[in-house]
2 protein chains.
Amino acid sequence: MPEIVAILGAGSWGLAVAHLLNNRGHRVRLWEFDPTVCDRLVRNRQLPEKLTEFTLPEEIQVHNDLAEAIVDARWHIMAVPAQRVRSVVRELARSSAAPDANVVNLAKGIETESLHRMSEVLLEELPVSEGQVVTLSGPSHAEEVVRDMPTTVVAAGASEAVVNDVQRLFSGPYFRVYESRDLPGVELGGSLKNIIAIAAGIADGLGLGDNTKGALITRGLAEVTRLGEAMGARPETFAGLSGIGDLVTTCASRHSRNRFVGEQIARGRTLEDILNRLPMVAEGVDTTRSGYRLAERHGVEMPITTEVYRVLFENKSPSEGLLDLMGRELKPEIWR
Amino acid sequence: MPEIVAILGAGSWGLAVAHLLNNRGHRVRLWEFDPTVCDRLVRNRQLPEKLTEFTLPEEIQVHNDLAEAIVDARWHIMAVPAQRVRSVVRELARSSAAPDANVVNLAKGIETESLHRMSEVLLEELPVSEGQVVTLSGPSHAEEVVRDMPTTVVAAGASEAVVNDVQRLFSGPYFRVYESRDLPGVELGGSLKNIIAIAAGIADGLGLGDNTKGALITRGLAEVTRLGEAMGARPETFAGLSGIGDLVTTCASRHSRNRFVGEQIARGRTLEDILNRLPMVAEGVDTTRSGYRLAERHGVEMPITTEVYRVLFENKSPSEGLLDLMGRELKPEIWR
């Protein structure tokens, strides 16, 4: 059944999800905070710096006024960068949102101030019940979704009924949605993998091979799982689409901004210079700060996160960081 | 402490491990079954069709006589293709091997006749105790190990002391060995991942993207883990180096013969034609037969393995196989 859907944020993923839901026959409204960007999108139906070779279908309405975008919408889809989610949902709470609207979070990150996950931020700011919040996550580059490449994701939430609604809302022949009840696991996996993607990018920038990347991905998954368990997530979630699935796709991909940051750092550019020239947010940089602090708080050993933190923020040389990882004492593969 | 080590099999991985152990200061003897190949290796110190730009160090002795190769060797390292292991260890059992020699298995596969794992074959044929058999597995392309690219693997066996000896034997600044007690898990992960690598190659050959590959890797890991659990392995082992680590490296790599087979099948070549022109064994083709039969025997649903089996052996079209995977009913992410 067609639904009215408001997507908040016209970044690459917001645009791709607008395309996807429009293709499913839903009535899609897209809200963009920046009036200049919004104007360009209304006029040209394109934002090539965010998603190349993509034209927004004419049926999709574009709004700069949040209240207009959400009128009668049963679904609010959060597609803004993680550190912007709180301010946007505060505005959403002030607008006349339908109280029974469900919220689907697409942001992948951990708030650097509060160290809260996205669904926690949503529940703190919106008058919704726990079951009304669902996070959708998994290996899903926007560039491939708009080209109808087969893609799978996972929808996680406390209410089975709402999660099943999200599955039906999004699923189609090239987009398959699995369900999960483990919201902490899905959110932490989707966020923390960006730290490991920076590490994989560093290995690429140093000219290392697939063996090294396989090691970083696997040991990265192990440390992310350790932290997740300490924070109440189920370990098996990290072996799923929002964990290892997203991790391998991000680490392999030429589309990943986080992998790119690591690669450029290893080639000697400064973090400031790299971030100034990126047209989009590389969530992994902030997530490295959050992940590092969460590891300290929960007393979890995270050697890769620690080395990425030192390379990004304490001027440690990337090759030294990598060698320090290889030189650690010999261990059993599974330890906590 | 330097040891005398006999490596059985001069394939790409046998050559790379010879290089590695020679660099650790061990006395390495390399046995090659084929007298012509053995002669070429003795004369030229190179087998470019197996490992390009690699010259075998002069200190490494090359033998065509198995009994000569193993004299006084405390370690027998099995580096022959999986379907050849039984005949080689039968010959080893007939030779005057030191009864206290330990055996390290490097082969990744499941015997198609018996459906036994490699360590089971070794224990059936050799007069050794369970603790004397260790399998070494993980993301370790030979091409990168001989170039000293940082690499990690896992050593699995029933005896902690022998596993620790294997760690010390192999470990060095660019080669890190973790330990595991889960021999079934390490062997099944290292073998069954080659089926998923063929599926990833099919996706490559069809021109699909990173999202699809991320899906195949994750759902592939899930079905391999399901079968592993049914066969007595620990599920967490499949999230480790011998499972997901080897899987992602194989699926991403231009070095992987199994990924290559899938890619060529998707481009319309016949399996026979592809295998006839490969200079080395693509273990995944036999493993697809074994995995398919094991799934039936244990009553485990393995949708990706089933589709790869149909494409390889029943002339199903690769794109149809992939669409059938995407069109399955919507499911929870974790199910057994």
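Average the reciprocal distances over every distinct pair of alpha-carbons in the range A:245-284, invert the result, and give the Kirkwood radius in Å.
10.5
If I ignore ligands, DNA and RNA and count only protein heavy atoms, how much of A:Glu301 is accessible to a 1.4 Å probe, in Å² to the nearest 10?
80
Starting from the Cα of B:Ser129, step 7 Å along the direction of its Cβ; do the same at B:Arg269; then give the gap between the two resulting points in nm.
A separation of 4.9 nm, rounded to one decimal place.
According to the square roots a ≥ b ≥ c of the eigenvalues of the Cα gyration tensor, what is the shape class of the range B:140-208, taking rounded for a/c under 1.5, prolate for a/b larger than b/c otherwise, and oblate for the remainder?
Since a/c reaches 1.5 but b/c is at least a/b, the shape of the range B:140-208 is classed as oblate.
Compute the helix-to-body angle for A:12-23: its Cα long axis versus the longest principal axis of chain A, expressed 0 to 90° and rounded to tens.
40
Taking amide hydrogens as modeled 1.01 Å from N in the peptide plane, which residues meet the under 5 Å criterion relative to A:Trp31, leaving out close sequence neighbours?
A:Ile7, A:Leu8, A:Gly9, A:His63
Filter the trypsin sites (Lys or Arg not before Pro) in the range B:1-48 to those in DSSP coil with at most 15 other Cβ atoms within 10 Å of their Cβ, and list the result.
B:Arg45
Using a probe radius of 1.4 Å on protein heavy atoms only, what is the accessible area buried between chains B and A, both sides summed, to the nearest 100 Å²?
Buried area (both sides, nearest 100 Å²): 4400 Å².
Going toward the positive end of the dipole of the protein assembly as shown, with +1 on Lys and Arg Cβ and -1 on Asp and Glu Cβ, which of A:Gln167, A:Met326, B:Val224 do you reach last?
Of the listed residues, the answer is A:Met326.
I'm a student and want to see the number: the projected area of the Cα convex hull of the range B:122-171, averaged over all directions, in nm².
4.1
Return one number: the angle in degrees, 0 to 90 and rounded to the nearest 10, between the long axis of the Cα atoms of helix B:183-205 and the longest principal axis of the Cα atoms of chain B.
Computed tilt is about 50 degrees.
Under a 1.4 Å probe, what is the accessible area of the protein assembly as shown per residue, stated in Å²?
37
If you scale each eigenvalue of the Cα gyration tensor by 5 and take the root, what three semi-axes come out for chain A, rounded to whole angstrom and sorted largest first?
33, 22, 18
Among B:Ala252, B:Ala18, B:Ala200, which one moves the most in a GNM of chain B with springs linking Cα atoms closer than 10 Å?
Its mean-square fluctuation being the largest, the pick is B:Ala252.
Using a 1.4 Å probe over the heavy atoms of the protein chains, calculate the carbon and sulfur portion of the accessible area of the range B:81-148 as a whole percent.
The nonpolar share, carbon plus sulfur, comes to 45 percent.
With the dipole of the protein assembly as shown worked out from charges on the C-beta (+1 for Lys and Arg, -1 for Asp and Glu) around the Cα centre, which of B:Tyr178, B:Thr212, B:Leu188 lies farthest toward the positive end?
Farthest along the dipole direction, towards plus: B:Thr212.
Cross-link candidates for A:Lys50: which aspartates and glutamates have Cα within less than 17 Å, leaving aside residues fewer than 8 places away along the same chain?
Of all the aspartates and glutamates, those that pass the test against A:Lys50 - Cα under 17 Å, at least 8 places apart if same chain - are A:Glu32, A:Asp34, A:Asp39, A:Glu143, A:Glu144, A:Glu283.
If the limit is 31 Å between Cα atoms, which of A:Lys108/B:Lys108; B:Lys108/B:Lys213; A:Lys213/B:Lys316 go over it?
Correct reply: A:Lys108/B:Lys108; A:Lys213/B:Lys316.
What is the magnitude of the charge dipole of chain A about its Cα centre, with +1 placed on the Cβ of each Lys and Arg, -1 on the Cβ of each Asp and Glu, and no other charges, expressed in debye to the nearest 20?
Once rounded to the nearest 20, the dipole reads 420 debye.
Could you compute how much accessible surface B:Leu206 exposes when probed at 1.4 Å, giving the result in Å² to the nearest 10?
60
Past the 31 angstrom mark, what percentage of all C-alpha to C-alpha distances in the protein assembly as shown do you count?
Tail of the P(r) past 31 Å holds 53 percent of the pairs.
For chain A, take the longest principal axis of its alpha carbons; what is the angle in degrees between that and the long axis of helix A:283-298, to the nearest 10 within 0 to 90?
60
What does the C-alpha gyration tensor say about the overall shape of the range A:73-146? Classify as rounded when a/c is under 1.5, otherwise prolate if a/b is larger than b/c, or oblate.
Taking the square roots of the gyration eigenvalues as a ≥ b ≥ c, the range A:73-146 is oblate.
With a ≥ b ≥ c taken as the square roots of the eigenvalues of the C-alpha gyration tensor of the range A:1-154, please select rounded if a/c is under 1.5 and otherwise prolate if a/b is larger than b/c or oblate if it is not?
Because its axes are fairly even, with a/c under 1.5, the range A:1-154 counts as rounded.
The values are calculated or read from the model by the stated rules, or taken from the named source; none is laboratory data. It should be emphasised that the depicted structure is a prediction, and the values quoted were computed from it without experimental measurement. Positions of Cβ are generated from backbone atoms using ideal geometry, with glycine treated the same way; all protein chains shown enter the neighbour counts. Accessible surface is based on the protein model in full, side chains and every heavy atom, while ligands, DNA and RNA are left aside. Shrake-Rupley method; radii C 1.70, N 1.55, O 1.52, S 1.80 Å.
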